[in-house]
Amino acid sequence: MALDLKIGAAELSLSVANGVERISGDNNEELTVATVKVDPVTGGIGKINASGRDALLDRGVEQWADVGGTIMVDWADSTIGSPTSGWTVEKDTGKTYAGKTSLKITATAGAADTLTCNITIPATFFGGAKRICFAVDPGDSYISGDSTNPVQLWLNYSASTTHRVLMYVAGSHATGEWFDSGAAFDQDATGTGHIAGTAQWAKVASEEVTVIRLVMTKRAGQAIAIPAYVGPVFTDPIRSQKATLSIFMDGNYSGQWKYARQILQAYGLRASLATVFPWLTGPVVGTMTEAQLLKMYALGHEIICHTGTAGDFGWDNTTKYPNGNEYALVKADIEAAWTWMDSRNANRGKGYAVVGFTNGLVNTQTYTRRQNISNAVRDAGVFACRQLGGYVGSYYGNGGEQQTVVTVSRMAGSGDATATLTGIVDQIIARGGWSGLTFHDIVLSGATGNKYNVADFETVIDYIAGKVAAGSLRVLPFSEAMQMMSIVPAPQ
């Protein structure tokens, strides 16, 4: 299928075959790339997402693979055993993931802190799976839901052997939404991240599972009145998909203009400039001027919103965002960013953001506060908001569900050796899906804190560009990567 579009003065030719799109156009014009989902039966175009592009069109852009994963355990087909006293585990068709039944979990204050519940399923063979995953909605703030207290599914095998699959919310979570870190995990991640205990890959490959044990822990003496949910178990999200990396430049520091700009351009890579808009009205010493930021935008980089800025001490600052008033204040702060972008015709990246410094969406905040901020972020028009932290796995976006706050991007600081960051790039390539690397200020030498030496920055960018040239990685700004993920089908 071929599709010819005319956008402004520029001509764009788009050909689509077998789920792959190729772009060609006038390199002297700023064009718009369309990501197209083609109906496999009729050949018709089912969905088009558009996003801004710079002149680097001759490289081509591949659509996400048409494999959203395989549903292995549909809770609708299961039989739930007796949970720990004080806990309830039941099937729920009101809260679905990819259209499938979820498990709904509640607990009384007097219940034991740890739930165990055996669930009988039709005999299921996970052999051949590269990844085994499930999504969670932790709901109540009394569920820790972090890496020290995850939701666990124990796949029971013979001889009292289990393969323990974990899922947790990485730091922040917008209330009422599924969280799918994609993590899942691969066999290469044995003993880390989303596997607990002794990994039993030999059992995965040689035995069926008929019982899954659900294990999770609440905070001592607290009830779970707002339910937690567990989605269906599925395997191999986008197994064939080329890995996608976004490069973030957080905070509009002057080193991004002086040093990072020419290195990124030399290698033909575009970044997401997470801008602290209040810093432009000064400007703040050590940051870019508005003119410099707009020149970087003109070079093809996108501008996104840096929410909950360090200068505001984040959304958990009850002076800046008083309890009960969070909704209006957070919404106004984000909408001010969109107004700035619209007024300067620099809205490539509008609707995308990063969670800055600290924020009010972590599970130590009250549920009401988290709900107010979650609703403000969504209502302000944020489509996706990236977290910051250590690399825990890739994001796949399989379920077609709303997930405002996506998994973390790895921050690069002065203490990070280049081998550490290039090693993470290798892990992203091995796992597929999406992840990010985040830089702040770039300096000539003597980096401290979140600064990074320019020589080290070039080493990392050179490595990334080599992987792009080899065809094993693609680098896209955050908005474009997320828009492509929106066309990934749900697991089947």
| task | Sort 83-91, 434-442 for me by packing, meaning the mean count of neighbouring Cβ atoms within 10 Å per residue, highest on top. | result | 434-442, 83-91
| query | Among all the lysines, which ones have a C-alpha under 24 Å from Lys258's C-alpha, if same-chain residues fewer than 8 places away are not counted? | reply | Lys295, Lys451
| note | Taking Rh as the Kirkwood radius computed over alpha-carbon pairs of the range 70-235 and applying Stokes-Einstein at 25 °C with viscosity 0.890 mPa s, one gets a diffusion coefficient in µm² s⁻¹ of 155 µm²/s
| message | For a protection proxy built on the mean count of beta-carbon atoms within 10 angstrom, sort 243-255, 223-235 highest first, please. | response | 243-255, 223-235
| request: Take every Cα-Cα distance within the range 232-295, group them into 10 Å bins from 0 onward, and report for each bin the whole-number percent of pairs it holds. | output: 18, 40, 18, 13, 10, 0
| said: Report the Cα centroid-to-centroid distance between the range 345-398 and the range 411-444 in angstrom, as an integer. | reply: 21 Å
| Among Lys242/Lys467; Lys100/Lys350; Lys130/Lys242, which pairs are too far apart, with a Cα-Cα distance over 21 Å? | Lys100/Lys350
| note | Taking a straight Cα-to-Cα line shorter than 18 Å from Lys320, and setting aside same-chain lysines fewer than 8 residues away, one finds Lys331
| field | Rg over Rh, two decimals, the range 238-362 (C-alpha only, Kirkwood Rh) | value | 1.01
| field | Equivalent ellipsoid, the range 243-485 (semi-axes from 5 times Cα gyration tensor eigenvalues, Å) | value | 27, 21, 17
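For the range 66-131, what D do you get in µm² per second when you plug the Kirkwood radius from alpha-carbon pairs into Stokes-Einstein at 20 °C and 1.002 mPa s?
156 µm²/s
Computed from the coordinates by the stated procedures, all read-outs in this text should not be read as laboratory data. Bear in mind the structure is a predicted one, so any value in this text is a computation, not a measurement. Don't worry about glycine lacking a Cβ; one is built from the backbone with ideal geometry, like all the others, and counts go over all protein chains shown.
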